[in-house]
1. Near B:Met23, within a Cβ-to-Cβ distance under 11 Å, what is the net charge of the other residues, with Lys and Arg +1 and Asp and Glu -1?
2. At q = 0.13, 0.24, 0.29 Å⁻¹, what log₁₀ I(q)/I(0) does the range A:251-309 have when each alpha carbon counts as one equal point scatterer in the Debye sum?
3. How big is the range B:292-360 by the Kirkwood estimate over distinct Cα pairs, in Å?
4. Which entries in the list A:Lys26/A:Lys146; A:Lys259/A:Lys329; A:Lys282/A:Lys329; A:Lys99/B:Lys99 go over 26 Å, if you measure between the two C-alpha atoms of each?
5. From the backbone phi of the range B:227-242, what are the Karplus-calculated ³J(HN,Hα) couplings (6.51 cos²θ - 1.76 cosθ + 1.60, θ = phi - 60°) in whole Hz, Gly and Pro given as x?
6. Using a Gaussian network model of chain B with C-alpha springs under 10 Å, which one of B:Ala286, B:Ala157, B:Ala330 is most mobile by mean-square fluctuation?
7. Which residues make up the longest stretch of chain A clear of GluC sites (Glu not before Pro) that lie in a DSSP loop with no more than 15 other Cβ atoms within 10 Å, not counting the sites?
8. If the reach is capped at under 14 angstrom between alpha carbons, list the aspartates and glutamates near B:Lys7, excluding any in the same chain fewer than eight residues apart.
There are 2 protein chains.
Amino acid sequence: MGRGCVKKDASLFRKLGASALIMTGKNSARQNGSLEDVQAALSGQGIAFSLFDQVEPNPSIPCCREAARAAQIAQADFIVGIGGGSVLDASKAAAALVKNDLLDGDVFGNPLTGGALPVAAIPTTAGTGSEVTQYAILTNDEAQTKTSLSNEALFPALAFLDGNYTHSLPRAITVNTALDALSHAVEGYVANKSDPWSRAVALSSLRIFSHALPALAEDKIEAQLRDSLLLASNMAGVVIAHTSTTIVHAMGYSLTYFKNIDHGRANGLILGPYLSLIAKHKPELAQEILSALHIESTHEFSALMDRLLGPKESLSPEEIQAFSDRAIKAKHVGNTPCELSAEDIATLYQQGFGSGSIPL
Amino acid sequence: MGRGCVKKDASLFRKLGASALIMTGKNSARQNGSLEDVQAALSGQGIAFSLFDQVEPNPSIPCCREAARAAQIAQADFIVGIGGGSVLDASKAAAALVKNDLLDGDVFGNPLTGGALPVAAIPTTAGTGSEVTQYAILTNDEAQTKTSLSNEALFPALAFLDGNYTHSLPRAITVNTALDALSHAVEGYVANKSDPWSRAVALSSLRIFSHALPALAEDKIEAQLRDSLLLASNMAGVVIAHTSTTIVHAMGYSLTYFKNIDHGRANGLILGPYLSLIAKHKPELAQEILSALHIESTHEFSALMDRLLGPKESLSPEEIQAFSDRAIKAKHVGNTPCELSAEDIATLYQQGFGSGSIPL
């Protein structure tokens with residue numbers, strides 16, 4: 001953690017092997033300097049490497065498979081993933097595919113008995129927390145949604161957190177990824193699988209957001225805010241590694257799969273109504289979240305979300321019906337701290353997309 | 001974590017092997033029900049076990065060696081340590097001695113290239129945090145102090161936190177172990193090796209202490225307080241696993257070695273003057289600690305410590321001189337966030353033992 005940590009702590013890579021595959025998206029790792037730092041760090045340690053720079057947003061199994069093949073051809077001992085959640089998740093999935101010979105239909109829910117190559121994860125957005133989780137979320141065309149692989153073998157062996165790599169992100173990505181991390185902290189805090197440890201970490205993340213969200217809303221995106229967001233997203237990642245997510249994420253997946261709404265934004269759209277729902281059923285949980293955020297009421301929270309989200313997409317009644325019918329079947333329902341019907345979920349969609357932008 | 005977790009999550013033991021050595025002190029694991037729970041859990045999983053119940057307070061190398069021999073005779077795949085810091089540390093050291101053939105003089109600072117048997121740690125006091133650290137503190141007769149083994153191989157593979165096991169602890173042990181944990185949180189928060197993550201965890205621990213310390217001082221030791229203290233000590237353990245401790249611990253070791261003052265109490269005696277020293281050199285750090293504790297001033301903090309400590313032992317000028325000369329040579333000096341001379345340390349001893357009990 002910290003500025004320059006990839007170069008400063010380069011010797012850590014040596015523990016993972018003598019040959020690496022670097023995985024990135026098409027551009028950002030070149031632009032923000034992270035790829036150059038990693039290449040210099042690996043060279044300095046005498047570690048051979050090759051580059052796979054074709055990771056797509058919301059990665060598919062074929063994309064991960066292609067990367068796995070590149071790792072095999074390069075005889076890579078480990079993978080270095082540099083990017084946002086898509087790249088990190090693809091890196092973890094590719095690392096598993098190298099060690100497990102699976103048909104497309106067998107990837108999700110597979111026990112991954114072969115394990116996975118070690119992964120060094122270098123986030124260049126402050127949202128996913130994937131650098132500290134056992135999850136890899138992939139596009140699942142068969143089920144027409146995004147599906148989470150969850151396996152201990154997918155925990156990265158190393159993570160480097162350098163806020164510098166997030167400094168050039170455009171405002172929209174900064175906000176969307178922050179909303180993803182915020183959603184992890186909020187959902188993790190209330191999740192049925194939460195425990196005192198995960199709740200303490202969630203509150204630590206939310207306390208950082210108490211400063212960061214107003215600054216984001218006011219467009220005061222400075223270096224220190226970048227560092228804070230990266231730390232908050234990392235903590236929120238640790239939270240969901242323990243608690244998983246709740247109905248917000250299940251609802252968001254349809255928004256991403258069918259409406260192409262960015263993952264973090266999709267969560268953010270639901271988060272205001274969700275916290276109001278929590279306040280109705282578990283008022284003490286909602287109050288603790290609001291206190292940590294230094295926010296007075298769920299109304300004020302929703303107004304802040306609306307301000308961050310700006311003009312909203314629209315959903316048709318048919319879409320709301322279809323997405324609600326999907327979400328109610330997700331395992332996330334059982335981790336949500338109140339009883340939910342498909343109608344309740346439809347109401348959350350309506351509220352999330354309905355009110356438009358409320359000025360604070 | 002949670003009541004009954006040893007039995008509820010007994011299947012976790014199976015990951016560690018088919019044969020265990022249980023290590024305890026002479027009595028408490030029998031009295032608080034933890035030994036019975038562990039034996040039932042292991043039996044239920046078909047795991048063979050034998051018992052070594054001779055761990056002494058402030059364990060020595062010969063004691064750990066004897067336990068290691070018992071593990072070898074039993075062909076144990078892993079060790080279950082049940083007890084306070086002494087038992088947990090001895091379990092970890094014994095686990096290392098099974099795998100490393102070392103002369104007494106080579107134990108401290110050894111790289112432990114042989115690794116260690118996996119350890120399942122079950123704390124029955126709320127203080128040490130040893131269940132989540134890479135440390136084992138042993139009596140070092142050659143150097144006339146307590147010395148810390150520090151090695152990644154010493155991280156326990158499992159920890160079970162059940163507050164029930166701490167419910168019958170007498171007040172003195174409850175207070176002393178709480179002071180140890182508080183010292184970990186305070187020292188870890190200010191340590192030069194701290195980082196934003198460790199500081200967030202330290203604050204989470206301190207926030208628990210903000211309720212727990214007044215309750216302890218008022219002798220309101222109820223079940224929920226026990227659970228809170230166990231969580232706070234566990235978090236503080238995670239903190240020092242990252243940050244190590246500072247001069248307070250180095251000063252305390254002489255108090256324990258030469259004056260037979262309990263480890264936690266030894267730290268507690270120094271903690272008030274230490275926070276005042278921090279406030280002089282790093283006022284923002286002291287203020288953040290006080291805020292998390294909901295305490296107004298370093299004076300109020302010292303008064304609370306005095307109330308918890310009760311009547312104090314005395315130190316002669318010669319002892320202060322000798323202990324200060326030892327402490328200034330400890331590596332802890334470099335992790336303390338201000339310049340320190342032997343005179344500064346002598347002043348801390350004087351202040352810690354000088355004022356007697358100040359009524360709140």
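1. Numbers: positive: B:Lys92; negative: B:Asp53, B:Glu66, B:Asp89.
My count for the surroundings of B:Met23 gives -2.
2. -0.36, -0.92, -1.10
3. Values: mean 1/r = 0.0739 Å⁻¹.
Answer for the range B:292-360: a Kirkwood hydrodynamic radius of 13.5 Å.
4. Details: A:Lys26/A:Lys146 21 Å; A:Lys259/A:Lys329 19 Å; A:Lys282/A:Lys329 23 Å; A:Lys99/B:Lys99 30 Å.
Pairs exceeding 26 Å: A:Lys99/B:Lys99.
5. These are the phi-based 3J(HN,Hα) values: 4, 4, 5, 5, 5, 4, 6, 5, 4, 5, x, 4, 4, 6, 4, 8 Hz.
6. B:Ala330
7. Values: sites that count: A:Glu142, A:Glu218, A:Glu222, A:Glu296, A:Glu313, A:Glu339.
My reading of the result: A:1-141 is the longest stretch.
8. Qualifying aspartates and glutamates at Cα under 14 Å: B:Glu36, B:Asp37, B:Asp162.
The values are calculated or read from the model by the stated rules, or taken from the named source; none is laboratory data. Just so you know, these numbers come straight off a predicted model, no measurement behind them. In this analysis, Cβ positions are derived from the backbone assuming ideal geometry, glycine residues included, and neighbour counts consider all displayed protein chains. Ligands, DNA and RNA are excluded from the accessible area calculation, which covers all protein heavy atoms including side chains. Shrake-Rupley method; radii C 1.70, N 1.55, O 1.52, S 1.80 Å.
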